[in-house]
Amino acid sequence: MEKKEKAPVLRFKDTNGKDYPAWEQRELNTAATFLNGRAFSQSELLSKGKYPVLRVGNFYTNDKWYFSDLVLPEKFYANKGDLLYTWSATFGPHIWEGDKVIYHYHIWKLLPGKDTDKAFLLSLLQRDRETLLQGSNGSTMIHITKQAMEAKKLFFPRSQKEQRQIGIFFKTIDKAITLHQRKLEALKKLKRTLLQKMFPKKGHLKPELRFFGFTNDWEQRKLTDLVSFYGGLTYKPTDVKSKGVLVLRSSNVKDGALIDADNVYVDPDVATSEKVKVGDIVMVVRNGSKALIGKHAEVKQPMADTVVGAFMAGIRSPCPSFANALLNTSEFDKEIAKNMGATINQLTGYMFKQMVFFMPGKEEQEKIGSLFSTLENTITLHQRE
C-alpha cells in the first residue's frame, strides 16, 4: 500500500530556503519503542526506600510518593530527560525532569528511534492528545492500550532536521510557559503568605507583619461595620435575551476575578435590582456546590448595565480592597464552614450579621487593601497572558 503524504501549511525551510519533503504517515512503533513500567503489589510499595516509584498521580495532583528497594533491569527506571507517557485514567506525554525513579506499570517509557527527534515526538504526542480530548468531550479519563498506541498512524517529517527544528521551537515555547506558570504560582503563594501574616492569628490582637508606623491593637468588629449588602436579580427564562443587562453568576467568578463565561443577559425592563459599581465585591452565596459558596471577586472596571444574579450578593464598602482581602482570609473560610447547613448551601444576611473579625483603623485598612489590590491585579494579568 502506498504511503500517505502530507505537508503542514506553516513550516520551516531548509538551509537553501526551500521546503523540506512532504511528511509521511507512519505507525508510532516505527518511530519509538514503547516500554511497560513495573507492576507493583501493595506490599512492595514502601514509605521510604532507595528509589521513588513514579505513578500517574504524581504527574498531576498526587504528592504522595511510594518507594522501592528492588534492584530491577535498567528498562524499568526513568532518568531525567526521558520521554514518558501516562496511559491509564489520565493520559498524555511528559518529559521526566526529576531524579532516577522506577516508573509504574500505568506509564510507558518511549525510546525514540535513530531517525526520530525526541522533542518533536513529544510535541507530536501532545497534539495527538488534544485530538483525543476533542473526541471525548474534554474528559481526560481515557484508557489507551499499548497495542493501539503502537499501531497509531501519525504524520512525520521525512527530514530529521525539520523534526529537530520543530522540536526546538516547541521546547522553547514550553519552557516559556513553564517559567510563566512558575511566576504565577509564586505570586499566588506570596498572596497566601501575606494573608496569613498581615491578618491576626486566632487569639492575637496584632498581625505578624505590618506597615511601618502602625502599632495599635486591631479591634474586633462586625463584618457589617465594614460592608453593606445588596441582593441579586430573580428572573424568568422568558426574560433572557441575546443582549441587554448582564447578570453576574457563579460562572463569572474565577480565581478572584470576573470573567466572561456563559454570560446571561436579561431584558432591561426586568433588571430592577441594584447595578454593580467599581469597587463592589460580587460573591456566590447560594449554590448546589458547597465549594463555590463564598467565591468572590472585586469589580475593578466600570460595568455598565450589570447586576448580580439571585444566588449572588453584591458587597459594598468604603475600603473595598481591604474588605476583599479580608474575605480571602482563612478566618472568613472558617465562618463559611461554620454556617454551612447539612442540606442547603447558602450564606444569608443573618449569617453575615453574626460574623466578627479583627480589623485595623481606616488608614491601615487602606494600605493593606492597596497592597493586595496591586498583587491581585498582577496575578490577573499573568492569568490572562
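General remarks:
- Scanning region 24-49 for residues that are assigned to a loop (DSSP other than H, G, I, E, B) and surrounded by 14 or more Cβ atoms within 10 Å (Cβ to Cβ) yields Ala31, Gly37, Phe40, Leu45, Gly49.
- In region 310-339, the residues that are touching a residue at least 24 places away in the same chain (Cβ under 8 Å) and within 14 Å of Glu376 (Cα to Cα) reach residues that are hydroxyl-bearing (Ser, Thr, Tyr) and outside any helix (DSSP H, G or I) with C-beta atoms within less than 6 angstrom, at least six apart or across chains, in these pairs: Ala323/Ser317.
- Within region 356-372, the residues that satisfy the criterion of being surrounded by 19 or more Cβ atoms within 10 Å (Cβ to Cβ) and not charged (D, E, K, R) are Phe357, Phe358, Met359, Pro360, Gln365, Ile368, Gly369, Phe372.
- Pairs linking a residue in region 198-220 that is in contact (Cβ under 8 Å) with a residue 24 or more places away in the chain to a residue that is of a type in the set (Val, Ile, Thr), with Cβ atoms under 8 Å and 6 or more positions apart or on different chains, are Met198/Ile368; Phe199/Thr329; Phe211/Ile368; Gln220/Val356.
- Picking from residues in region 188-233 that are more than 32 Å from the chain's Cα centre (by Cα) and among the basic types (Lys, Arg), the one that is nearest to Val266 (Cα to Cα) is Lys222.
- Any hit, region 55-62, residues being among the hydroxyl-bearing types (Ser, Thr, Tyr) and over 23 Å from Phe170 (Cα atoms): yes
- One residue from Leu226, Leu233, Leu190 being closer than 25 Å to Val356 by Cα and either among the hydrophobic types (A, V, I, L, M, F, W, C) or touching a Pro at 6+ places or on another chain (Cβ under 9 Å) (or both): Leu226
- Filtered residue count, region 262-292, keeping only those that are over 20 Å from Asn377 (Cβ atoms) and of a type in the set (A, V, I, L, M): 8
- Which listed residue, of Tyr60, Tyr66, Tyr85, is in the same structural domain as Leu124 (by TED's automatic domain parsing), touching a Ser or Thr at 6+ places or on another chain (Cβ under 8 Å) and within 22 Å of Leu124 (Cα to Cα): Tyr60
- Leu195 falls short of the stated requirement of being in contact with a strand residue (DSSP E or B) (Cβ under 7 Å, 6 or more places away or on another chain), among the hydrophobic types (A, V, I, L, M, F, W, C) and either exposed (fewer than 13 other Cβ atoms within 10 Å of the Cβ) or not in a loop (DSSP other than H, G, I, E, B) (or both).
- Complete set of residues in region 5-27 that are closer than 26 Å to Pro93 by Cα, over 31 Å from the mean Cα position of the chain (by Cα) and of a type outside the set (Phe, Trp, Tyr): Glu5, Lys6, Ala7, Pro8, Val9, Arg11, Ala22, Glu24, Gln25, Arg26, Glu27
- Of all residues in region 252-305, those being in contact with a strand residue (DSSP E or B) (Cβ under 9 Å, 6 or more places away or on another chain) and assigned to a helix (DSSP H, G or I) number 2.
Yes/no matrix, rows are residues, columns are (1) crowded, with 20+ Cβ neighbours inside 10 Å; (2) closer than 22 Å to Ala148 by Cα:
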position: Val71; (1), (2): no, no
position: Val101; (1), (2): yes, no
position: Phe120; (1), (2): yes, yes
position: Leu125; (1), (2): yes, yes
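- A single entry from Asn58, Asn16 fulfils the requirement of being in a loop (DSSP other than H, G, I, E, B) and farther than 27 Å from Ala151 by Cα: Asn16.
- Phe76, sole failed condition from (1) within 24 Å of Thr116 (Cβ to Cβ); (2) touching a Pro at 6+ places or on another chain (Cβ under 7 Å): (2)
- Any chance Leu347 is assigned by TED's automatic domain parsing to the domain that holds Lys290, closer than 21 Å to Tyr230 by Cα and at pLDDT 95 or above: no
- Members of region 73-95 that are in a loop (DSSP other than H, G, I, E, B) and either at pLDDT below 95 or buried (at least 21 other Cβ atoms within 10 Å of the Cβ) (or both): Trp87, Ser88, Ala89, Phe91
- Test: residue in region 288-302 that is touching a Phe, Trp or Tyr at 6+ places or on another chain (Cβ under 9 Å) and over 21 Å from Arg384 (Cβ atoms): yes
- Here Pro52 clears all of (1) in contact (Cβ under 8 Å) with a residue 40 or more places away in the chain; (2) in a loop (DSSP other than H, G, I, E, B) except the condition numbered (2).
- Residue check: Ala342 meets all listed conditions (1) surrounded by 15 or more Cβ atoms within 10 Å (Cβ to Cβ); (2) modelled with pLDDT under 95; (3) among the aliphatic types (A, V, I, L, M); (4) farther than 20 Å from Lys202 by Cβ but one, namely (1).
- Residue count, region 236-264 (criterion: acidic (Asp, Glu) and within 15 Å of Ala291 (Cα to Cα)): 1
The values are calculated or read from the model by the stated rules, or taken from the named source; none is laboratory data. The model shown is predicted, which means the values in this text are computed figures rather than measured ones. Note that each Cβ is placed from the backbone with ideal geometry, even for glycine, and that neighbours are counted across all protein chains shown.
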